[in-house]
Amino acid sequence: MLVVKIWNYIRGYVVIRIEGLTLEKFINFAIARGIYLWDIVRIDYTTLEAKIGLTGYKELRHIVKKAGCKVKINTKIGYPFFMHRIKARKMLMFGFMIAIFMVMLTTSFVWDIEVIGAESIEKEEIVKKLETLGLSTGIFKYKLDISGIETNIMIEMEELAWVGIELRGTKAIVEIVEKVQPPEKIPLDIPCDIIASKNGLINKVIAKSGDAMIQKGDIVKAGQLLVTGTILREGQDARYVHSLGEIYAKTYYEINDEMSIIKVNKIKTGKKFVKRTLKMGESQLTLSIGEVPFQNYVLETTHKRLPRWRNIIIPVEIILDEYFETYDQSEELNVELVKSALVEKMTVELVKQIPEDAEILHQDIKYLEEDNIIKAKLTIEVQEQIGVQKRINIF
């Protein structure tokens, strides 16, 4: 139990090796005197390894000669031994505490600002705006009002749809999403054409102003003229109007993906290798010796951090990497279930590309099985409005 392990660590214990021809007699004598041994492991015919508390170890002197065995300490574990080493190395401990203090001090400030997601907006412009709102290099990060900065920068920069700020060590990660600008709205008094925004098969043409250049059943390409604002009549001069209309076309969205019908499960053998790393701020120190002895393994990582002090995060933690040896166990999945999962995944991805106001007309899925791989092609046919306005340059 965890409570027992903690109690043994506080009291301190040693891992001992017992050598002799009468190991059973040694254990019987220990039990008779009330000496508690645990985690007893037989190394060979004449050797045992076990754990014992400090008080129990002192009592062994009464039975060692009687049992005809030799006992030696392999490892000392626990709080008493840790404190003994600390007392013997006061200057080292003092230096360690100073190092932790310096790390805490230097990592309590923001030294770098990284902007992610900026495309049409200059990153320098965003950084300058953040500085006016209180987020700048050299600022004490525990006094920053992150939520307030996120709200204020969105108010002051209307071209931003979303802002998220995350502090990672000494770096501030600023992730932004820009607003999708709607197509240019051309005033009614300015002449314009209507062109195709994408390829499609014309399904409906409603030309309210201007002359339609296509009709139902025509195949058009992106950029093709659909409704012209240049009105030409025999015997009359050309005149220019502001084209208005709705052009609906059938368009197609496609996606390809694949999925294996063989699922490989990682089965743990029970063996593991533990790697411990001390992290102070951005610096890391490996405390474990040796390389991972397994070719096939799964990794499980846990972080043990020091508790907060007055809402200040102490940037010191132990990273515990546990490598569990595994072997692969193959499992053949039901083909129909794989196809169902694949089409569901592809549909979710493809629907993201389709405009919300589009009408889905038909959906087609084709499969191909090859070397235990299900390959699929999903096509969705929709009806959508593809006409966009474009200014007419008269002069």
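The values are calculated or read from the model by the stated rules, or taken from the named source; none is laboratory data. Bear in mind the structure is a predicted one, so any value in this text is a computation, not a measurement. Cβ: placed from backbone, ideal geometry, glycine included. Neighbour counts: every protein chain shown.
Values for this structure:
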{"quantity": "Check on Gln224, surrounded by fewer than 12 Cβ atoms within 10 Å (Cβ to Cβ), of a type outside the set (A, V, I, L, M, F, W, C) and not assigned by TED's automatic domain parsing to the domain that holds Lys345", "calculated": "no"}
{"quantity": "Verdict on Gln284 being in a loop (DSSP other than H, G, I, E, B) and not assigned by TED's automatic domain parsing to the domain that holds Asp357", "calculated": "no"}
{"quantity": "Strands (runs of 3 or more DSSP E) contained in segment 1-78 and holding at least 3 residues surrounded by 14 or more Cβ atoms within 10 Å (Cβ to Cβ) and modelled with pLDDT of 85 or more", "calculated": "13-19, 47-53"}
{"quantity": "Single residue of segment 184-201 satisfying the filter (out of contact with any Leu (no Cβ under 8 Å at 6 or more places or on another chain) and of a type in the set (A, V, I, L, M)) that is surrounded by the fewest Cβ atoms within 10 Å (Cβ to Cβ)", "calculated": "Leu188"}
{"quantity": "Top-ranked residue in segment 337-361 [being basic (Lys, Arg) and surrounded by fewer than 16 Cβ atoms within 10 Å (Cβ to Cβ); ranked as nearest to Asn199 (Cα to Cα)]", "calculated": "Lys352"}
{"quantity": "Of residues in segment 340-350 being in contact (Cβ under 8 Å) with a residue 12 or more places away in the chain and not hydroxyl-bearing (Ser, Thr, Tyr), the one farthest from Ile261 (Cα to Cα)", "calculated": "Leu350"}
{"quantity": "Residue satisfying all of: in segment 299-316; under 22 Å from Ile98 (Cβ atoms) and touching a Leu at 6+ places or on another chain (Cβ under 7 Å); modelled with the highest pLDDT among these", "calculated": "Val316"}
{"quantity": "Candidate set: segment 362-395, residues that are loosely packed, with under 14 Cβ neighbours inside 10 Å and of a type in the set (A, V, I, L, M, F, W, C); chosen: the one modelled with the lowest pLDDT", "calculated": "Phe395"}
{"quantity": "Among (1) modelled with pLDDT under 95; (2) buried (at least 16 other Cβ atoms within 10 Å of the Cβ); (3) within 40 Å of the chain's Cα centre (by Cα) - the single one Lys250 does not satisfy", "calculated": "(1)"}
{"quantity": "Segment 154-213 - residue that is in a strand (DSSP E or B) and out of contact with any strand residue (DSSP E or B) (no Cβ under 7 Å at 6 or more places or on another chain) and, of those, modelled with the highest pLDDT", "calculated": "Leu167"}
